[in-house]
């Protein structure tokens with residue numbers, strides 16, 4: 001029979017939760033916000049019709065999607081100092097995660113924009129809007145509804161991916177779990193407890209996603 005150390009679970013719960021609330025969640029929010037801004041820029045470059053801008057965006061997206069996130073993180077934190085660019089752990093993690101989110105979310109946003117019927121563009125032109133005005137006032141609001149589910153999934157995945165930041169000494173929940181496990185030598189208990197907290201975080205975010213989708217009337221036929 002497995003002997004569960006309930007005292008250890010109780011003692012480690014708050015440090016793990018605090019690591020999640022003060023490390024994992026802020027890291028996720030900062031990275032996703034910057035990454036989403038980058039993704040929007042890349043998506044605009046992809047659909048701009050300018051071959052140079054489109055080519056740059058394609059290349060960037062290809063590199064990000066074709067290389068592991070862990071390698072990207074190591075290149076930024078351990079590789080850039082060799083050419084004179086050195087960053088602290090937290091900014092390095094935000095930089096890496098933002099770049100990664102930007103590469104993946106760009107294709108989500110581009111697909112959402114292209115899913116809007118061309119008639120919406122023509123409607124904007126008919127009432128005297130320019131291309132940029134039509135994009136801002138007509139196309140993007142409709143594309144936002146389509147992109148909510150996949151972007152929400154990207155955000156939830158990012159919550160879990162931030163655990164990789166522990167490898168460059170960022171103090172977030174998994175880093176705290178490693179320290180507790182190393183001290184107590186109860187690796188199974190501590191890591192399972194951390195996994196449960198990650199799961200709860202993602203469960204809450206999934207519930208928020210569902211409510212947001214219903215609010216946007218995503219699945220109601222008109």
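Taken together, the values in this text are just the output of simple stated rules run on the coordinates, not laboratory data. This one's a predicted model, so the numbers in the text were calculated from it and none came from an experiment. We place every Cβ from the backbone using ideal geometry, glycine too, and count neighbours over all the protein chains shown.
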Helix-only CD estimate at 222 nm, as mean residue ellipticity for the chain, using -39500 (n - 2.57) per DSSP H run (n ≥ 4): -24500 deg cm²/dmol
Rg and Dmax of segment 35-84, Cα atoms only, in Å: 13.2, 37
Length added when fully stretched, residue 215-residue 58, from 0.36 nm per residue minus Cα-Cα: 53.2 nm
The chain: angle of helix 173-184 to the longest principal axis, Cα-based, in degrees nearest 10: 10 degrees
Alpha carbon convex hull of segment 37-145, volume per residue in cubic angstrom: 119 Å³
Cubic angstrom per residue, convex hull over Cα atoms of segment 128-197: 106 Å³
Estimated inter-spin distance, residue 6 and residue 145, nm [label 7 Å along Cα→Cβ]: 5.1 nm
Debye intensity ratio in log₁₀ form over the Cα atoms of segment 101-155, taken at each q of 0.13, 0.16, 0.18 Å⁻¹: -0.34, -0.48, -0.58
Linear extension gain, residue 47 paired with residue 120, 0.36 nm per residue minus alpha-carbon span: 24.7 nm
Tilt relative to the chain, helix 51-66 - C-alpha long axis, 0 to 90 degrees, to 10: 20 degrees
Folded to 0 to 90 degrees: helix 25-47 orientation relative to the chain principal axis, Cα: 30 degrees
Candidates 105, 57, 181: whichever shows maximal mean-square fluctuation once the chain is modelled as a Gaussian network with Cα springs under 10 Å: 181
Between segment 133-171 and segment 16-79, the alpha-carbon center distance in angstrom: 10 Å
Among (1) 71, 51, 26; (2) 45, 38, 34; (3) 52, 39, 33, the entry that matches Cα extents along the principal axes in Å as calculated here: (1)
Additional length obtainable on full extension of the chain from residue 157 to residue 202, 0.36 nm per residue less Cα span: 15.4 nm
